[in-house]
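Let me begin by presenting the structure, written as structure tokens, before commenting on it.
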């Protein structure tokens with residue numbers, strides 16, 4: 001499919017190809033009466049560690065600290081938070097970023113893993129300056145400080161700050177990932193099976209990342225396909241899945257069963273295929289949509 005169109009190796013066409021690939025794995029699992037993770041050689045463990053992705057939470061330090069404590073009480077011993085300010089906010093914005101991040105670290109203590117997402121919104125000098133301050137908070141990673149096509153910039157930030165970096169959700173296929181691995185720019189790859197080429201391509205990315213000792217923790221746009229791949233891989237390669245704490249249940253509205261971690265752990269379904277069943281009772285209207293002739 002990717003070879004059928006000159007523009008199909010990235011963007012929306014690759015996302016469509018990804019959807020078809022994931023659907024075919026679901027059909028294969030249902031045909032053989034087995035969960036997809038078993039078709040992939042798993043499970044490598046009976047349940048998956050989930051980290052809380054805290055998008056949508058307050059940027060007020062006190063309110064963020066309270067949300068962090070509440071997530072920790074729910075069993076999430078790893079949390080990812082999202083910076084608001086970048087270079088355009090000047091020194092005051094950097095100070096606000098740091099005050100906020102320090103409040104979160106103080107709230108959860110030293111044993112909780114903290115990750116911070118930068119929305120591809122920084123530049124190299126800003127990332128190095130704030131990164132040297134953030135190092136004292138021991139972040140597990142800083143995510144996408146730069147646009148996802150700048151491996152050399154990532155490497156410069158990593159070397160200057162000593163903080164592990166991550167990227168991958170905006171990479172299409174293993175060929176986008178490869179320069180970041182070869183240059184030693186990242187320690188965590190976050191390829192998204194729904195964008196990068198489906199389950200099939202994510203498996204290839206896992207194999208490639210393993211050769212460079214880079215961990216793969218897929219982007220959590222949706223959890224199902226990623227969870228099946230993670231369950232089939234070694235915990236040393238794929239240690240966690242991402243769970244959007246505020247948004248994930250809403251995104252599963254049309255499913256009969258909601259995938260929800262309990263005490264920070266996601267139990268693997270034993271049903272065939274992906275383990276997702278459409279709740280027909282919630283469908284009010286059907287309409288066929290066609291593109292082109």
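The values are calculated or read from the model by the stated rules, or taken from the named source; none is laboratory data. Note that this is a predicted model, so its numbers are computed, not measured. Cβ atoms come from the backbone with ideal geometry, glycine included; neighbour counts cover every protein chain shown.
Taking into account only those residues within segment 33-44 that are touching a residue at least 24 places away in the same chain (Cβ under 8 Å) and touching a helix residue (DSSP H, G or I) at 6+ places or on another chain (Cβ under 7 Å), which is surrounded by the fewest Cβ atoms within 10 Å (Cβ to Cβ)?
Looking at the filtered set, the residue picked out is 41.
Go over the candidates 119, 141 one by one and state the one that is at pLDDT 95 or above, within 18 Å of residue 220 (Cα to Cα), loosely packed, with under 14 Cβ neighbours inside 10 Å and out of contact with any helix residue (DSSP H, G or I) (no Cβ under 7 Å at 6 or more places or on another chain).
None of the others qualify; the one that does is 119.
Would you please name the residue that is surrounded by the fewest Cβ atoms within 10 Å (Cβ to Cβ), looking only at residues in segment 97-116 that are in contact with a helix residue (DSSP H, G or I) (Cβ under 7 Å, 6 or more places away or on another chain) and within 21 Å of residue 144 (Cβ to Cβ)?
Among those that are in contact with a helix residue (DSSP H, G or I) (Cβ under 7 Å, 6 or more places away or on another chain) and within 21 Å of residue 144 (Cβ to Cβ), it is 98.
For segment 78-96, which positions are in a loop (DSSP other than H, G, I, E, B), buried (at least 16 other Cβ atoms within 10 Å of the Cβ) and out of contact with any helix residue (DSSP H, G or I) (no Cβ under 6 Å at 6 or more places or on another chain)?
Answer for segment 78-96, where residues must be in a loop (DSSP other than H, G, I, E, B), buried (at least 16 other Cβ atoms within 10 Å of the Cβ) and out of contact with any helix residue (DSSP H, G or I) (no Cβ under 6 Å at 6 or more places or on another chain): just 86.
Of the residues that sit in segment 112-129 and are part of a loop (DSSP other than H, G, I, E, B) and more than 14 Å from residue 51 (Cβ to Cβ), which one is farthest from the chain's Cα centre (by Cα)?
Residue satisfying both the conditions and the ranking: 123.
Could you grab me the full set of residues in segment 249-293 that are in contact (Cβ under 8 Å) with a residue 12 or more places away in the chain, more than 19 Å from residue 35 (Cα to Cα) and surrounded by 12 or more Cβ atoms within 10 Å (Cβ to Cβ)?
251, 254, 264, 279
Does at least one position in segment 195-202 carry a residue that is touching a helix residue (DSSP H, G or I) at 6+ places or on another chain (Cβ under 9 Å), at positive phi and buried (at least 22 other Cβ atoms within 10 Å of the Cβ)?
yes
Only one of (1) modelled with pLDDT under 95; (2) farther than 28 Å from residue 269 by Cβ is not met by residue 180, so which one is it?
Single failed check for residue 180: (1).
Going by the structure shown, is residue 29 farther than 21 Å from residue 136 by Cα, in a helix (DSSP H, G or I), touching a strand residue (DSSP E or B) at 6+ places or on another chain (Cβ under 7 Å) and in contact (Cβ under 8 Å) with a residue 24 or more places away in the chain?
When the stated conditions are applied, residue 29 passes them.
If you take the residues of segment 1-26 that are farther than 22 Å from residue 228 by Cβ and either in contact with a strand residue (DSSP E or B) (Cβ under 6 Å, 6 or more places away or on another chain) or not in a helix (DSSP H, G or I) (or both), which of them is modelled with the highest pLDDT?
Within segment 1-26, the match that is modelled with the highest pLDDT is 10.
Identify all residues within segment 164-192 that are in a loop (DSSP other than H, G, I, E, B), surrounded by fewer than 22 Cβ atoms within 10 Å (Cβ to Cβ) and under 19 Å from the mean Cα position of the chain (by Cα); write none if there are none.
The answer is 164, 170, 187.
Take the residues in segment 3-23 that are in contact with a helix residue (DSSP H, G or I) (Cβ under 8 Å, 6 or more places away or on another chain) and surrounded by fewer than 16 Cβ atoms within 10 Å (Cβ to Cβ); name whichever of them is farthest from residue 84 (Cα to Cα).
Per the criteria, the residue is 5.
Please go through segment 49-58 and pick out each residue that is touching a helix residue (DSSP H, G or I) at 6+ places or on another chain (Cβ under 6 Å) and under 21 Å from residue 217 (Cα atoms).
Across segment 49-58, the qualifying residue is only 52.
Among the residues of segment 206-222, write down those that are closer than 28 Å to residue 277 by Cβ and either modelled with pLDDT of 95 or more or in a helix (DSSP H, G or I) (or both).
Within segment 206-222, 206, 216, 217, 218, 219 meet the criteria.
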